[in-house]
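The values are calculated or read from the model by the stated rules, or taken from the named source; none is laboratory data. None of the values given here were measured: they were computed from a predicted structure. All Cβ positions, glycine included, derive from the backbone under ideal geometry; neighbour counts span all protein chains shown. What goes into the accessible areas is simple: the full protein's heavy atoms, side chains included, and nothing from ligands, DNA or RNA. Shrake-Rupley method; radii C 1.70, N 1.55, O 1.52, S 1.80 Å.
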Amino acid sequence: QVQLVESGGGLVQPGGSLRLSCVASRSIFSISPVGWYRQAPGKERDLVARISSGGVTSYADSVKGRFTISRDKAKNTIYLQMNSLEPEDTAVYYCNRDPPYGTWGQGTLVTVSS
């Protein structure tokens, strides 16, 4: 089973930026769409950014124009560059295949607050 480890979260002021990373224990990004999901307190986990096996990206409307998903196949890593962060972006961020498969990682907490 693939292990996924997310990192890069933290506390940032509104308007700030963060870059999240997700490392997979083996290569999956060339054969499966993967995405970044987030779960805010009391809410369901939602997909916010996705990259297909062919490299095509797509985004939820709430993050379009502010977030960018990318990948480094050689490092089995995907990234989420988050700019112009808003308090509404506060959540635990996870990576997984799309649709989700297997065990979720521990996630990385992003807190946007002044």
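If you go through the range 1-30, how many residues are more than 16 Å from the chain's Cα centre (by Cα) and modelled with pLDDT under 95? Residues flagged as more than 16 Å from the chain's Cα centre (by Cα) and modelled with pLDDT under 95 within the range 1-30 amount to 6. In the range 92-112 there is no residue matching the filter, namely being open to solvent by 60 Å² or more (accessible area, probe 1.4 Å), farther than 23 Å from SER25 by Cα and at pLDDT 95 or above. Residues in the range 62-81 that are in contact (Cβ under 8 Å) with a residue 40 or more places away in the chain, at negative phi and not aliphatic (A, V, I, L, M): ARG71, LYS73, LYS75, THR77, TYR79, GLN81.
Yes or no: the range 28-41 includes at least one residue that is closer than 22 Å to ASP89 by Cα and of a type in the set (Lys, Arg).
Yes, the range 28-41 contains at least one residue that is closer than 22 Å to ASP89 by Cα and of a type in the set (Lys, Arg).
Name the residue that is most open to solvent (accessible area, probe 1.4 Å), counting only residues in the range 9-68 that are in contact with a helix residue (DSSP H, G or I) (Cβ under 8 Å, 6 or more places away or on another chain) and β-branched (Val, Ile, Thr). Residue satisfying both the conditions and the ranking: VAL23.
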